[in-house]
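Below is one structure, written out as structure tokens; the observations come after it.
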Amino acid sequence: MLRLLKALPLTLAIAAVSIVATSCSSNNGTKARFFNAIENTDQYGPGNGGALDVEVNGTQQFSNVTFASPGSTYTAIPAGNVTFEGFESPGVTTPVFTDSTTLSGGTQYTEVATGQAGGQVVLLSLSDDNSLPNNGTLNFRVINAALNASSSPNGAVDIWIEPYPDNNQLSQPATIRNLAYQSASGYVNVHYNVGSGGFTVFVNTVGLGAEVGTPLIQPLTISVNGSQTSASVCTLVLVDYPNSNSMSTPIPLDDNNCAN
């Protein structure tokens with residue numbers, strides 16, 4: 001009986017270790033992708049598209065991510081308080097940016113570095129919802145990482161996402177309104193284009209309307225997957241042209257069944 005009583009605390013200790021290990025493993029499943037929207041590539045990585053190698057808590061997780069490319073794929077990274085550092089690729093030891101954020105376990109994130117190297121770079125940490133909507137519809141989200149494009153005080157824009165061909169008859173109000181620089185819209189659900197022509201994206205300074213004045217970008221037509229019997233999720237990132245004060249065409253990210 002004495003040996004049994006002595007063994008009991010050890011059994012409880014083993015059980016406690018098991019509980020702690022299970023609790024820690026619940027943070028597994030965190031994934032992130034990285035998008036480089038730092039527009040002044042002449043200040044970092046000239047000649048290689050502003051390519052960045054990105055470390056998370058001192059471990060390189062993303063390699064050779066060039067400016068305004070579709071970005072990286074999702075990569076497993078730690079949850080909790082994490083620090084991102086972007087280094088000019090290859091081999092430069094002084095970081096282009098350093099920023100920290102808090103990530104939840106079991107969540108997918110899009111990390112967007114925007115601003116200017118040598119000035120102020122901000123890391124936007126955005127949780128993703130890549131679950132598919134109802135068949136016959138698409139979820140669109142827009143991230144405004146265009147530093148210089150809009151003349152409004154907070155860099156805000158209005159965005160129209162219209163079935164193509166649109167015949168320049170834009171719906172009112174805009175699909176996404178007053179989207180400030182360094183912010184992301186929610187997911188907006190639109191019906192699949194039964195004409196199979198994809199969608200046209202119009203962007204203009206907030207309040208001007210796409211048919212008034214000169215749009216910030218030429219209308220962009222994007223093809224997407226999807227049908228009446230399937231669904232898609234797409235993110236569009238607004239960026240400047242490199243080393244410029246004008247907006248480039250939005251960059252689509254393939255969240256879930258988006259890109260053709």
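Within the stretch 57-81, which residues are of a type in the set (S, T, N, Q) and either on the phi > 0 side of the Ramachandran plot or assigned to a strand (DSSP E or B) (or both)?
Those that are of a type in the set (S, T, N, Q) and either on the phi > 0 side of the Ramachandran plot or assigned to a strand (DSSP E or B) (or both): Asn57, Thr59, Gln60, Gln61, Ser63, Asn64, Thr75, Asn81.
Considering the stretch 179-189 alone, what residues qualify as being crowded, with 17+ Cβ neighbours inside 10 Å and either touching a Cys at 6+ places or on another chain (Cβ under 6 Å) or under 18 Å from Asp255 (Cβ atoms) (or both)?
Leu179, Ala184, Ser185, Tyr187
Here is a list: Thr114, Thr102, Thr110. Which entry is surrounded by fewer than 16 Cβ atoms within 10 Å (Cβ to Cβ) and β-branched (Val, Ile, Thr)?
Thr102
Report whether or not Ser127 is over 19 Å from Gly198 (Cα atoms), modelled with pLDDT of 90 or more, surrounded by fewer than 22 Cβ atoms within 10 Å (Cβ to Cβ) and hydroxyl-bearing (Ser, Thr, Tyr).
Against the criterion (over 19 Å from Gly198 (Cα atoms), modelled with pLDDT of 90 or more, surrounded by fewer than 22 Cβ atoms within 10 Å (Cβ to Cβ) and hydroxyl-bearing (Ser, Thr, Tyr)), Ser127 qualifies.
Report yes if some residue within the stretch 154-176 is at pLDDT 85 or above, within 19 Å of the chain's Cα centre (by Cα), within 24 Å of Thr66 (Cα to Cα) and of a type outside the set (D, E, K, R); otherwise report no.
Checked the stretch 154-176: at least one residue is at pLDDT 85 or above, within 19 Å of the chain's Cα centre (by Cα), within 24 Å of Thr66 (Cα to Cα) and of a type outside the set (D, E, K, R).
Keeping to the stretch 224-260, report how many residues are small (Gly, Ala, Ser) and within 15 Å of Phe199 (Cα to Cα).
Residues meeting the conditions: 5.
Filter the stretch 160-178 down to the residues that are of a type outside the set (Ser, Thr, Tyr), part of a loop (DSSP other than H, G, I, E, B) and exposed (fewer than 15 other Cβ atoms within 10 Å of the Cβ) and list them by number.
Pro165, Asn167, Asn168, Gln169, Gln172, Pro173
Answer with yes or no whether Ser100 is within 18 Å of the chain's Cα centre (by Cα) and at pLDDT below 95.
So Ser100 does not fit the description; no.
The values are calculated or read from the model by the stated rules, or taken from the named source; none is laboratory data. Please read these numbers as outputs of a predicted model, since none were measured by experiment. Note that we place each Cβ from the backbone using ideal geometry, even for glycine, and neighbour counts take in every protein chain shown.
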